[in-house]
Every structure is written in structure tokens, then in C-alpha cells.
Amino acid sequence: MKTSFKYFLLLNVCFSIYSFGQASALKKANKYYSTKAYSQAIPYYEKLLKKDSSNKIILSNLGDCYRLTNNTKGQLLCYGGLVKSGNAEQIHKLYYGQALTESGQKESAKTYFEQYGADARGKNLASSVDKMKAYTKNADAYKVEITSYNSDQNDFSAVKYQESVVFASSRNKTKWINKKHGWTSDSYMKLYTSENSGNGVYLKPKIFMGDLSSKYNDGPICFSKDFNTVYFTRNNSNKKMISSEDTYKLKIFEAGLNQNGFDRVTELPFNNNNNNCAHPSLSADGTYLFFASDMDGGFGGMDIYYVKKEGETWGTPVNLGEKVNTAGTEVFPFIAANGLLYFSSNGHDGMGGLDVYETKFKDNKAGRVYNMGEPVNSTHDDFGVFLGEDNKIGYLSSNRKSGGMDDDIYNFEILREVKRGKEIVIVTKDKDNGEIIPNTKFAMNGDTVTTNEKGELATVIEEDISYNLVVDKTDYFKLEDSVSTKTSPDDTFTKELRLEKDPHLSLLAFVTDAKTNLALEGVKITINELPSKAPFDNYTTLATGDYRKPLKGKKVGDKISYFIVLEKPGYITKTSTFIYDIKAPGEIKVNESLNLTLGKVEVGNDLAKMIDMKPINFDLGKSTIRKDAALELDKVVKIMNEYPNMYIELGAHTDCRGAAAANAKLSGARAKSSAAYIIKKGIKKDRIVGKGYGEAKLLNGCICEGKIKPTCSEDEHAKNRRTEFIITKLK
């Protein structure tokens, strides 16, 4: 079976009994050709070709006759002659390439496929030459063996019927007409059945339900799950069914089936007299009927359609679209119980002749189409897949044994699941140095998989599915990624997962008592991220007073910024801003940047040491409160508002440089100015007293008076310049 697909293109109304009288050989040949009596046209064209071997019309028509009757050698002769003489049209180059492929000359065929640009078939078929290796990779998944009930005629499209098999065959001449099919010179198709007598032994085939047989072609056939309803292909001699071309088109019929035979034989509503509808396949739930048709609006040749049952009637046929259908011919659909749709085509990439393809039918759409490869397909015609409810055991039809017009039925078994999609190699590498990370486990849509010693995992990803990839490996950051067939236009591609080393960063802090410097227990630590103020962590210190928090997702080079609040009953609450540039792995010691001591609210303690206060600065020789000083004094106001029973002495101190009297006077002015600012902010004036000490209470030995010349550094002098806020009373 080839481009003619002799079992679905219809017969001329006059068939092969047409009489041409005394017309010339060319006229006879052309007449037979025009009425699709190709087998009868061949001898006339062959005779003419001997006299004129370069005649373009004879070569073209005879080549078509050979093609439509599956004569590969004849096609090579005729289409090859057209190509070599320079008279070939583009379509002749396509046909010549197909004939070369069937004869095993795949590399030569590629040249002619590449020259064909009228539609996608040229590109598809050219690509098949490069895919021959891929066609063998799943050969171990299938088992194909010829059956015992084939004849020396055509036997094909077997389906299971209870414990028997039913199939179409041309093994006997029709009882109605003693002439053979003018197209093929074979008898017309009838439905036969062979009963399984046990242990895989089948009895001699006999006519299936004689009351179903018509005058001309019957079959293929399919059954409902309960075997009470059948759908089958037929063409007959009813003159009401004749087309505008004076041919009888194939149509699909429905019938009931009971113990007495068939009843209610009715034509399905989407049939029409001018188009073919054939090869029905019913879904397991009886909702969808798939079939092949050349109805208007298709992509070329025969296309695969489906129609959905709406109540008790069938709806409008829907073309399965360009993923399935091509400008070539798509025929013999079969919808399996698991939703996989099988069909045959000569328009997709293939091994030669008709190949069987597989696609997922989901949500009323077909997915990516996959060539099933060897041994399902061969360089000849392969078609008519059927599988039982287990989606594993069934039948296949092919003319691989002898080629030409010799179709046989094969037992077909799927031995293991074959994942269809694009081949992908997932590689795990270190992000920084690009080195392979071997034996890496990760989740792929929830399933755990592992790369090999080379850090590679070879697998197949299905079309229309996005795969989530989650890698959670020790010493590396968790990586979440995804991949789909849309990632690459190629059938095989590589996906790299670059894992970043986890530097194991963590925040480390110790909270101590400001007076005793001992670890402080029971301190509530609240940390928010800046600038978002999003919560980062909450923790209450134990007896050790320490705090440790891993910084997940942070890496060397990042900048972190946190707002930290330390709270403990009886202690002054402390707030701090921590900003840090991460320069190395390991612990980030907050205490190196911030004072994390908490001062107890008791007489004698200095608020300046208990809260995050910066020095109170003044302009040289002046006591006016600057903006930066006001910000620090506001912190004191806040504490005094929180503790209304707290009384403060604000003491201003200078270093030793300058005259002592001048220092005492200036510090007194600054102390009073600062106290006045706090009072102005709402604190009662009796709760704060400003006092200037000048250089009277130096914290170190940096004395400047008299003959003593200090050797102190600027930092040592700075320690003496300070403002203290001593708690004097707690009522």
C-alpha cells in the first residue's frame, strides 16, 4: 500500500468493464488512467514507452500508475527518467525520493527531498535520512510477528472481536462482479473472521457476518467496547451515492450487532458523495470517532479527523491540525484506551512508504507526532495498528514481506513503555569554576533522579509538559529551575544546572549586661530586613546570651542590611542598624560592628552607654544644637518618655586641651543647651539637669595643665570629649 492507498480511494463507476473500441493505445492508456483503472493502463503505457522513452506525459502517467499500484522499480524508471532528462516537476522529485528510500537508497533520496519546496514534506522526508539511527533506538520495545491466517492476497486492518479476529481481505473475488478492481487488479475487500481455538491457533478465516457484505468494498471495521455497535468503511453501487467524478466514494456506516447478525445499518451524517470518509476508530468510552477523509478544508490528500458524540448524534468533524496532517496522506487512525492516537502517513519523516506514528490526544488536541521506528515501521507500507484494552497486545498491517500489493497482518506487542519527546542531557556543574559535579540527586517533577560520574543524566522529556527541577545538594545553594521541549528547537539538547557553593554564612551575636559585661539571658531579639522592613528573625537569648542564624541564599559579595531591636524587662531597649558587605565565608560577627550591651534601668547608669547613641557634636566654640546632635538627643527623649519616673543629669565633658576655665564654661553652656532641647520636647524641667564638667573628669591620663605635655593620641583625647546621661533617681 502506498500513495494510492488502494483501500480508501474509490472506484470509477464503470470499473474495468469499460470498452474503448478501436481507439489508439495512447487514448486507451489515458482513458484508463483518467478513470483510475491504473493496473489496466500500465501495459498500454509500457508499450508506448518502448517506442518513446523520453516522452514526459508517458513517463509521468506511467510513473503515477506504478506509484499507485506499489511498483517501486517502475517508479525509479519513470520518475528517474524525468529527473535525468530535466523534465521533472517538483512533485516528481518528491516521488522519486520516496521510491529511492523504499529501495534502500536513502542518501540519494535526500537530495531530491531537499529540492522539493512546495510544502513541508520535502523538509520532513529529508530529515528522516538523518534520523535513521533514532528509528532503531526503541526496537527492543516492540515485537512484530506475522500471523498464520494471511493469504496470498491483501489482508489488513485486523481488530479483536471477542475471542476472534476480524480483518479486511481481498482473498476471494466478489460474487457480484467477475471483474477485478480496475485500480489494483485485485478482488474487492470483504470482512473475514478467524476464531482463536486456543494457544494462539486460529481457524481458517470465513466471511464475517454475511449480511454485512455489500457489492463492492467493505472494511476496515471497529467495534464498541461491548461489541453491540460497529462502524465500518464501505462503498457500493447505489447510484444515489455517485460523486460528480462518476465514482463511488468511501463512507462510514454504523450498525447494531446481535446474535442474529447486523441491523440498523445507517450512514453517518458527515459523509458526502464527493469525498471519502474511511477507517473509523472508536474511543473506549464511545465518545470520539476518528477517521480519515479528503473532505474540503484539509491539508492535502487524506487527513485525520475526529467527531464527538453529542447525546445520540455525531457532531461536526474536526481536522486534527497541522501537527498530524500534512500535504501528503494520513490514514488508518486508531485511538487506544490510554489516549494515544496511532496513524499512518507518508508526509512526516519516515523510513519509507507509509509509517506508523504516535501522538497524545488530550483536550481535543493532538500533541507532538513521533515515528514509532523499527520494527513497527519498515521501508515499505506499515499501517492498521490495533491494540486491546491493555494497550499492549494487538495487530499491525504491512507489505514488508514482499512489497507491492501484498499486505499481511502481524501480531503486534508493546513490551515496555516508550517515552516520547526530546532527548535531553542534564549536566550539573559548579557555577563559579564550571567543574562537573558528579552523582547529584535532584527532583524532576517530583521524581528523584541522579547524574552519573560525569555529572550527566540522559532522559526524554515529553511535549507540552514543563518539568520542574529542584537540586538540594549539601554545600550548595538550593537551585530551582525548569525545562520543556520548547527550550530548544532541536530533538536533542543539553540543559546545564549551575550550582553555587554555599559559603555557610551566619549571623553571630552576643548580648551582654552593660555594667557586668556578662551574658544576658531572656533578651528578645527582633531583626527586620532593610529597606523593606520585612521580618527576618525573632529570638530570645538563653543563658549563654548568644544568637546564631544561618543566612540562607546569601553569598560572598552580597550586602546585608538589618534593623535590630534588643528588649528585656528592666533594661533600656536598644535599636541598631547593621549594614555589612560580605567579603568572606563563615560567621559574620555583629558585635564587631555594634555595641550589643543592654543597660539596666538603675541609678548611676549612663544612658549613652545603654542605647545606640553617637557623640553629641557642636561647632567649634559654640553651644548651639546642631541637627545631628538633635537626632541623638531625641533618643534620650524617647527613653525618658518610656520611663516617666527616670531623672537624668546631663553632663558635658571636654578634653584637657585649652584653658580649664574656658572648657568648664563652654561645657556648661553646651550641657544647659542640650537639657533645654530635651525640656522643649516635652520632658519636665525637673527631670533633667544640665551640668558642665569641662576637663575635671578625664577618663584617662591625658592631662594638659602646667608643665605636663601630653603624649596622648587624638583617639585618646576623643574619649574624654563626651556627653553623659546619668540616671540620678527612679521614683
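Residues that are modelled with pLDDT of 90 or more, part of a strand (DSSP E or B) and touching a Leu at 6+ places or on another chain (Cβ under 7 Å): does segment 262-274 have at least one?
no
Taking Asp355 as meeting all but one of (1) under 20 Å from Pro280 (Cβ atoms); (2) free of Cβ contacts under 8 Å to residues at least 40 places away in the same chain; (3) buried (at least 21 other Cβ atoms within 10 Å of the Cβ), write down the number of the exception.
Unmet for Asp355, out of (1) under 20 Å from Pro280 (Cβ atoms); (2) free of Cβ contacts under 8 Å to residues at least 40 places away in the same chain; (3) buried (at least 21 other Cβ atoms within 10 Å of the Cβ): (1).
If a residue has to be under 11 Å from the mean Cα position of the chain (by Cα) and over 25 Å from Ser127 (Cβ atoms) to count, how many in segment 468-492 make the cut?
2
Quick check on my filter: what residues within segment 606-635 are of a type in the set (A, V, I, L, M, F, W, C), closer than 20 Å to Phe563 by Cβ and assigned to a helix (DSSP H, G or I)?
Within segment 606-635, Met610, Leu631 meet the criteria.
For segment 237-253, state whether one or more residues are surrounded by fewer than 18 Cβ atoms within 10 Å (Cβ to Cβ), closer than 26 Å to Val166 by Cα, at pLDDT 95 or above and not aromatic (Phe, Trp, Tyr).
Taking every residue of segment 237-253 in turn, none turns out to be surrounded by fewer than 18 Cβ atoms within 10 Å (Cβ to Cβ), closer than 26 Å to Val166 by Cα, at pLDDT 95 or above and not aromatic (Phe, Trp, Tyr).
What pairs come up if the first residue lies in segment 431-454 and is assigned by TED's automatic domain parsing to the domain that holds Asn468 and touching a residue at least 24 places away in the same chain (Cβ under 8 Å), the second is in a strand (DSSP E or B) and exposed (fewer than 10 other Cβ atoms within 10 Å of the Cβ), and their beta carbons are under 8 Å apart, counting only those six or more places apart or on different chains?
Lys441/Thr448; Phe442/Thr448
Find the residue count for segment 337-346, including only residues that are over 23 Å from the mean Cα position of the chain (by Cα) and either of a type in the set (A, V, I, L, M, F, W, C) or assigned to a strand (DSSP E or B) (or both).
The total comes to 4.
Looking only at segment 319-332, filter to residues that are more than 26 Å from the chain's Cα centre (by Cα) and not acidic (Asp, Glu); which one of those is surrounded by the fewest Cβ atoms within 10 Å (Cβ to Cβ)?
For segment 319-332, the residue satisfying everything is Ala327.
Check every one of the helices (runs of 4 or more DSSP H) wholly within segment 83-172 and list those with 2 or more residues that are touching a residue at least 40 places away in the same chain (Cβ under 8 Å) and crowded, with 19+ Cβ neighbours inside 10 Å.
90-102, 121-130
Please specify each residue of segment 29-48 satisfying the condition of being farther than 22 Å from Tyr248 by Cα and surrounded by fewer than 19 Cβ atoms within 10 Å (Cβ to Cβ).
Pro43, Glu46, Lys47
Suppose the filter is surrounded by 16 or more Cβ atoms within 10 Å (Cβ to Cβ), in contact with a strand residue (DSSP E or B) (Cβ under 8 Å, 6 or more places away or on another chain) and of a type in the set (A, V, I, L, M); does Val460 pass it?
No: the conditions fail for Val460.
Does segment 492-512 contain at least one residue that is in contact with a Ser or Thr (Cβ under 6 Å, 6 or more places away or on another chain), in the same structural domain as Val565 (by TED's automatic domain parsing) and closer than 30 Å to Gly570 by Cβ?
yes
Of everything in segment 525-557 that's more than 17 Å from Thr577 (Cα to Cα) and out of contact with any strand residue (DSSP E or B) (no Cβ under 7 Å at 6 or more places or on another chain), which residue is surrounded by the fewest Cβ atoms within 10 Å (Cβ to Cβ)?
Applying the filter and picking the extreme gives Gly557.
The values are calculated or read from the model by the stated rules, or taken from the named source; none is laboratory data. What you are looking at is a predicted structure, and each value in this text was computed from that prediction instead of being measured. Reconstructed Cβ throughout: ideal geometry from the backbone, glycine too, with neighbour counts over all protein chains shown.
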